[in-house]
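Take a look at the structure set out below.
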Amino acid sequence: MKIIFFSAQPYDREFFQRYNDSHGFELVFHESQLNEKTVGLVGEADAVCVFVNDKVTAGVCDQLFKKGIKIIALRCAGFNNVDLEAAKNLGMHVCRVPAYSPEAVAEHALALIMTLNRKTHKAYNRVREQNFSLHGLLGFNLHGKTVGVIGTGNIGKAFCRIMLGMGCKVMAFDLVANKELEAIGVSYHPLIEVLKADIVSLHCPLNEQTRHLINDETIGMMQKGVMLINTSRGGLIDTKAAIQGLKSGQITYFGIDVYEQEEHLFFRDLSGTVIQDDQIQRLMSFPNVLITAHQAFFTDEALGQIATTTLNNVQQLIKSGNLNNRAALLV
Ligand code: NAD
């Protein structure tokens, strides 16, 4: 059984090799993204293993199928980058890792909030240069603030609990209210109400309903001075609208771990190159913007769970033809 990995980083090799002992699969790692240009790299194999920025379009599915690939194993939760319909029509299985340490992502959202608020990234550099002034480092207490959470699935739930622990009032919007969260003090409201919170954090998936959920109109519904956090998917935010919101002062803090055009940038060292993406350059020029390069999942616990679940998904398919972690569109 051979699995070909795309967008493979050194840590993917390390964790997948560590957890492959009990499976004994042959693992082949490619650094390149999977897309219509690179699909030719796929030789004889049974499965491909892909990550968030691989582009598994209908054309790619078609090519994979012609090469005998039956399984597309996502080593992530989101599956917006796979044409599920095309894969299904070809009889291919698409599996994912529905939950891997949701706390890892929720805790990273808190890290973005705390860094933007208390400016520890600026303080660190300042003190190293023997500048002990507090000028410009003023923050606010999180205690007592309202936090709006959009999407209360695995990660949103963990995030709600963290924010309740910080003494915040947590308001949420989801298609389905979670009774467990309501019991501990989270209140559900229409989106328009949740957008009025002091801090708005996005935890819903990217799909046709949620693409550019945050746009000129919804930013206009937020309170002036809002802190907006996105650790979910870049496409949830219309970047142009966010830049406008930052320029007008409507958004006072903007923390993102994901970015609309991230597939051209993230997960590689571009420090010696000229970045052609003017939007990210504009975002990086704001003093109140904090960008991390899709690292919210990046903890030891989460990588272990990703490797274990991905390999188990493939094993389950081979052994029984069943799949618990099938990627499926909500209907
Ligand atoms: P999940 O499926 O457990 O939860 C998603 C929630 O969003 C569900 O409760 C669902 O009902 C809700 N939802 C769906 N459509 C909605 C809409 N239109 N409006 C409001 N809520 C809606 O997923 P999860 O594990 O919590 O992950 C959430 C997202 O986080 C993933 O889709 C993925 O894109 C992202 N993610 C990012 C990282 C990272 O490293 N930055 C890591 C893992 C996941």
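The values are calculated or read from the model by the stated rules, or taken from the named source; none is laboratory data. Remember, it's a predicted structure, so these values are computed and weren't measured experimentally. Heads up, the Cβs are rebuilt from the backbone with ideal geometry, glycines too, and the neighbour counts pull from every protein chain shown. Note: areas computed on protein heavy atoms with side chains; ligands, DNA, RNA excluded. Shrake-Rupley method; radii C 1.70, N 1.55, O 1.52, S 1.80 Å.
Relative to one another, the C-alpha centroids of segment 57-95 and segment 243-269 are positioned 29 Å apart.
Remark: spin-label model distance residue 2-residue 128 equals 4.6 nm, labels positioned 7 Å along the Cα→Cβ axis. Once all protein chains are placed together, residue 306 keeps about 10 Å² accessible to a 1.4 angstrom probe.
In terms of overall dimensions, the C-alpha atoms belonging to segment 102-291 reach 49, 39, 31 Å along their principal axes, ordered largest to smallest.
For the chain, the solvent-accessible area with a 1.4 angstrom probe is 48 square angstrom per residue.
The heavy atoms of residue 116 offer some 10 square angstrom of accessible surface to a 1.4 angstrom probe. Computed log10 I(q)/I(0) for the chain at 0.11, 0.16 Å⁻¹: -0.76, -1.38, from the Debye equation with unit scatterers placed on every C-alpha and solvent omitted.
Compute the acute angle (0 to 90°) between the alpha-carbon long axis of helix 10-19 and the principal axis of greatest extent of the alpha-carbon atoms of the chain; round to the nearest 10°. The angle comes out near 60 degrees. Relative to the longest principal axis of the Cα atoms of the chain, helix 300-320 runs at roughly 30 degrees.
Split the accessible area of the chain by element, probe 1.4 Å, and carbon with sulfur accounts for 52%. Along its first, second and third principal axes, ordered by size, segment 38-128 spans 58, 25, 18 Å in Cα coordinates.
Helix content alone sets the calculated 222 nm mean residue ellipticity of the chain: runs of n ≥ 4 DSSP H residues at -39500 (n - 2.57) each, divided across all residues, give -10000 deg cm²/dmol. The order of 212, 143 by accessible area, most exposed first and with a 1.4 Å probe, is 143, 212.
Over 29 Å between Cα atoms: which of 2/157; 196/247; 145/179 fall into that group?
Numbers: 2/157 36 Å; 196/247 19 Å; 145/179 22 Å.
Going by Cα-Cα distance, 2/157 fall outside the 29 Å limit.
Ignoring the sites themselves, what is the longest stretch of the chain with no GluC sites (Glu not before Pro) in a DSSP loop and at most 16 other beta-carbon atoms within 10 Å? By the stated rule (loop sites, at most 16 other Cβ atoms within 10 Å), 209-331. Annotation: residue 82 carries an accessible surface of approximately 10 Å², with a 1.4 Å probe and no ligand, DNA or RNA atoms counted. Our summary of shape: the Cα atoms of segment 257-331 have principal axis extents of 52, 33, 24 Å, ordered from largest down, in whole angstrom. Between the helical axis of 239-248 and the longest alpha-carbon principal axis of the chain there is an angle of about 10 degrees. Overall shape of segment 161-259 was characterised from the C-alpha gyration tensor. The equivalent ellipsoid obtained from it has semi-axes of 22, 15, 12 Å, in decreasing order.
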